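Take a look at the structure below.
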Amino acid sequence: MNRPEKMLRPATQLVHGGSLRSAFGETSEAMFLTQGFLYETMEAAEARFKGEEPGFIYSRFSNPTVAMFEKRMALLEGAEAARATASGMAAVTAALLGQLKTGDHVVAARALFGSCRYVVEELLPRFGVASTLVDGARLDEWQAAIRPNTKSLFLESPTNPTLDIYDIAAIAAIAHEAGATLVVDNVFATPLYQRPLELGADCVVYSATKHVDGQGRCLGGVILGAEAFIQTHIHNLLRQTGPSLSPFNAWVLLKGLETLTVRVAAQSRSAAQIADFLAKADGIARVLYPGREDHPQHQLARRQMSGFGTLVAFELLGGKASAFRFANALSIIGISNNLGDAKSLITHPATTTHQRLSPQIRAEMGIGEGLLRLSVGLEDVEDILADLSAALAVVA
Ligand SMILES: Cc1ncc(COP(=O)(O)O)c(C=O)c1O
């Protein structure tokens, strides 16, 4: 007897889950690069529009290749429903906007990806949705920020770029007690190492641009949650406003999912080794990696994550000048704001992803002038270590 897809282990789900095989019996998933679909008769068109007959209508609403990607992501996440979007930011924006109306209030962790902070701090208030930012590690701050009109709480964990870990189960409990939801941006942990829905979150969002593609090719995003959450808050907003994922990108992301487990495992193994190397190296003030015992929330990371991810942050002595000289001296590791790629990439958050924030806010968030964020790739770890060593010698 065939086992239901839900019962399969993640690596198997990622290769087979959600496949919609056409009449040709193709082994690799087909790319349905089509805007629309034909109906046999006018009656069939009418029935499909009324929802009386299943089938696709228009690729802004749904598309077979996009549907395969959504189903595969939902299986991996253990979510009832998923909706794909054109980018991670489209997913974050829709996940929040879909739940909110004028007069509502949102609480978010201060340590958010720069564009997420724009949505919470600038976009939502323009439409009369107030927002409060808190130190995500302080449960008392989450609690104190709750107002009668609080509708949603929002966080990333591990955070970008300082890799702080927040207690998802405890923050979900605070949200629910207030009648609010919790949305978790799970990009850094990946669905393999952290399962926010099981920890009590109501919605998980991803930039599929990152580890899901994993090879730097295309943008994409996904929103996951219970069927009721998606139907109530997300489904119509996406259909009617159109931040749809292209079928081409959905196909690339589907193929990316097939190798997600092996890529993320190998990259995380290297990341742990690199963090240990950097912690012993001269010229480095601190290393942040959730898998290390000296990480401030290491115990919490062990409780809520099953792996510690592909990102390492570290602070060079000597501030911006050292950080720039060090990064400019790297030859294998590329300078880029992106992450989750097969290629190792290094970012100086203070002058790129987080440059919009004032120096004071950056300091509050622990984003010093010497802080670098390294996204560890699939290269041989010995070559990455040699690259880091050579660059450290330049700033010594
Ligand atoms: C944590 C996090 N959330 C959201 C995003 C936005 O994703 P995208 O670039 O696919 O819009 C990014 C990266 O860009 C990110 O690092």
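Taking every protein chain into account, the 1.4 Å probe leaves R110 with about 70 Å² of accessible area, to the nearest ten. Against the chain, whose longest principal axis is taken from its Cα atoms, helix 381-395 shows a tilt of about 40°. The lysines within cross-link reach of K255, meaning a Cα-to-Cα straight distance under 18 Å and a gap of 8 or more places when in the same chain, are K71, K210, K343.
Based on the alpha-carbon gyration tensor of the range 33-167, what equivalent-ellipsoid semi-axes (square roots of 5 times the eigenvalues) come out, in whole Å, largest first?
Numbers: eigenvalues 277, 63, 34 Å².
The answer is 37, 18, 13 Å, longest axis first.
Report the local net charge at Q304: Lys and Arg +1, Asp and Glu -1, summed over other residues whose C-beta lies under 9 Å from its C-beta. Cβ neighbours under 9 Å give a net charge of +2. With the simple spin-label model, which puts each label point 7 Å out from Cα in the Cβ direction, the N236 to R269 separation comes to 5.0 nm.
On full extension, the segment bounded by H176 and L38 gains 45.2 nm, given 0.36 nm per residue less the C-alpha separation.
In plain terms, the chain from L317 to R48 could stretch by 90.5 nm, reckoned as 0.36 nm per residue minus the Cα-Cα distance.
Which net charge results for the neighbourhood of L197, defined as the other residues with beta-carbon distances under 11 angstrom from its beta-carbon, given Lys and Arg at +1 and Asp and Glu at -1?
On the way: positive: R195; negative: E77, E80, E198, D202.
Charge balance in the 11 Å sphere: -3.
Using the Karplus relation 6.51 cos²θ - 1.76 cosθ + 1.60 with θ = phi - 60°, the per-residue 3J(HN,Hα) values for the range 60-68 come to 6, 7, 5, 7, x, 5, 5, 4, 5 Hz, with x marking Gly and Pro.
Stokes-Einstein diffusion of the chain at 4 °C, 1.567 mPa s viscosity, Kirkwood radius from Cα pairs, rounded to a whole number: 59 µm²/s. Residues in the range 373-387 near a label at I335, defined as backbone nitrogen under 17 Å from the 7 Å Cα→Cβ point? Under 17 Å, as judged by backbone N against the label point of I335, lie 373-375 of the range 373-387.
The heavy atoms of E43 present about 130 square angstrom of accessible area, all protein chains included, probe 1.4 Å. When exposed loop sites are taken as chymotrypsin sites (Phe, Trp or Tyr not before Pro) in a DSSP loop with at most 12 other Cβ atoms within 10 Å, the longest stretch of the chain clear of them is 128-396.
By the rule of a C-alpha distance below 25 Å, with chain neighbours fewer than 8 residues away ignored, the lysines paired with K151 are K101.
Sorted by accessible area (1.4 Å probe), largest first, how do I332, I57 line up?
Of I332, I57, the descending order of accessible area is I332, I57.
Of the accessible area of the chain, computed with a 1.4 Å probe over protein heavy atoms only, carbon and sulfur atoms account for 55 percent. Near R362: Cβ cut-off under 15 Å, other residues only, Lys/Arg at +1 and Asp/Glu at -1. The net charge is -1.
In this structure, the amide hydrogen of L371, modeled 1.01 Å from its nitrogen in the peptide plane, lies closer than 5 angstrom to those of L316, counting only residues at least 5 positions away or on a different chain. Here K320 is the anchor, and the lysines within straight C-alpha reach of less than 23 Å, apart from those fewer than 8 places off in the same chain, are K280.
The values are calculated or read from the model by the stated rules, or taken from the named source; none is laboratory data. Worth saying up front: this structure is predicted, and the values here are computed from it rather than measured. Cβ atoms come from the backbone with ideal geometry, glycine included; neighbour counts cover every protein chain shown. These accessible areas exclude ligands, DNA and RNA; they are computed on the full protein's heavy atoms, side chains included. Shrake-Rupley method; radii C 1.70, N 1.55, O 1.52, S 1.80 Å.
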